[in-house]
Amino acid sequence: METATVQEIVIPLVSAVVGGLIASGGAMLVMKAQLAHELSREQRAQKKNEAQRALEAVWTLFSDFEYLANIQINLNEQFTRAANEGHADFEPWQKVLGIIHSDYQQAIVSVSQISFLIDAKKAPLLSEVKYVQSRVLNLSEAVVAYNSLRSDLLSYMEQKQSKGEVIEGNLVQAGFDPKDEFIISAKAGAAQSVLGTILEFLETDVDVCWKVMISLKQAAEDYFGDDFPSFKMERAGKC
């Protein structure tokens, strides 16, 4: 009777332990699945956020490109107008009355916006983006400097002219003292130097900015897949 009693007690206990282990194991599997799902959802959300930041970087470079291209168009129009009016032999500073868009506020591409380039094996693009933005900053400062120098030159000429007469359209022929002529020449030279720097690098800066922007867009499309919006960017043609 005692043996039977022991067996009756042991068997239910063993069954309870095994059942508990099975239930516990099942609960752990469910918990792991939930954790994996949560982790996957967080990773997905993080990737979407990174794709959004990458898109912002692309549009920042597009704004830089538009700024450079508009300056190029503006300068070409002024040189064309001078030539059409018979003033092709004028000095560049005489043809360029002022450069538009001198109040451009450049947005800076942050490292977090393009850090995906490291995982995408496109790390060299990091330095290319930084270079392009530095060129845009330099040019915007040069534009402001030119407009200021030319305005100062014209103000000085208006103050110092001893006589003046309209000789054609809005052209004025004026006389100056020798000392004033020297100062005018120096001021004109300063404006011409800055304008020359702008003209020397502008075409290259426009081309490089476009190429880097397109490369960044392509890298983002390849890396993020469907998380990065698909859209076309076409250049109408060289200015």
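The values are calculated or read from the model by the stated rules, or taken from the named source; none is laboratory data. Since this is a predicted model, take the numbers as computed values, not measurements. Here the Cβ is made from the backbone with ideal geometry for all residues, glycine too, and neighbour counts use every protein chain on show. Each accessible area value is taken on the protein alone, full model and side chains, heavy atoms only, with ligands, DNA and RNA left out. Shrake-Rupley method; radii C 1.70, N 1.55, O 1.52, S 1.80 Å.
General observations
Let's see how each residue does on (1) without any contact (Cβ under 8 Å) to a residue 24 or more places away in the chain; (2) out of contact with any Asp or Glu (no Cβ under 6 Å at 6 or more places or on another chain):
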position	(1), (2)
GLU200	yes, yes
CYS209	no, no
GLN218	yes, yes
ASP227	no, yes
MET233	no, yes
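- Taken over segment 191-230, residues that are of a type outside the set (Asp, Glu) and open to solvent by 40 Å² or more (accessible area, probe 1.4 Å) amount to 14.
- No other residue among ALA45, ALA83, ALA57 is surrounded by 14 or more Cβ atoms within 10 Å (Cβ to Cβ) and part of a helix (DSSP H, G or I) apart from ALA57.
- Taking the criterion of being open to solvent by less than 60 Å² (accessible area, probe 1.4 Å), of a type in the set (A, V, I, L, M, F, W, C) and farther than 30 Å from TYR223 by Cβ, the residues of segment 86-113 that qualify are TRP93, VAL96, ILE99.
- The condition of being over 30 Å from ALA54 (Cβ atoms) and at pLDDT below 85 holds for only one of ASP152, ASP180, that being ASP180.
- Subset of segment 52-68 [of a type in the set (Val, Ile, Thr) and free of Cβ contacts under 8 Å to residues at least 40 places away in the same chain]: none
- Yes/no for GLU42 being among the acidic types (Asp, Glu), over 15 Å from PHE116 (Cβ atoms) and at pLDDT below 65: no
- Any chance SER140 is touching a Phe, Trp or Tyr at 6+ places or on another chain (Cβ under 6 Å), part of a helix (DSSP H, G or I) and farther than 30 Å from GLN46 by Cα: yes
- In segment 114-130, the qualifying residues are those that are open to solvent by 20 Å² or more (accessible area, probe 1.4 Å) and either in a loop (DSSP other than H, G, I, E, B) or touching a residue at least 24 places away in the same chain (Cβ under 8 Å) (or both), and the one that is farthest from ILE198 (Cα to Cα) is ASP119.
- Condition broken by HIS101, with the remaining ones in (1) modelled with pLDDT of 90 or more; (2) within 24 Å of GLY196 (Cα to Cα) satisfied: (1)
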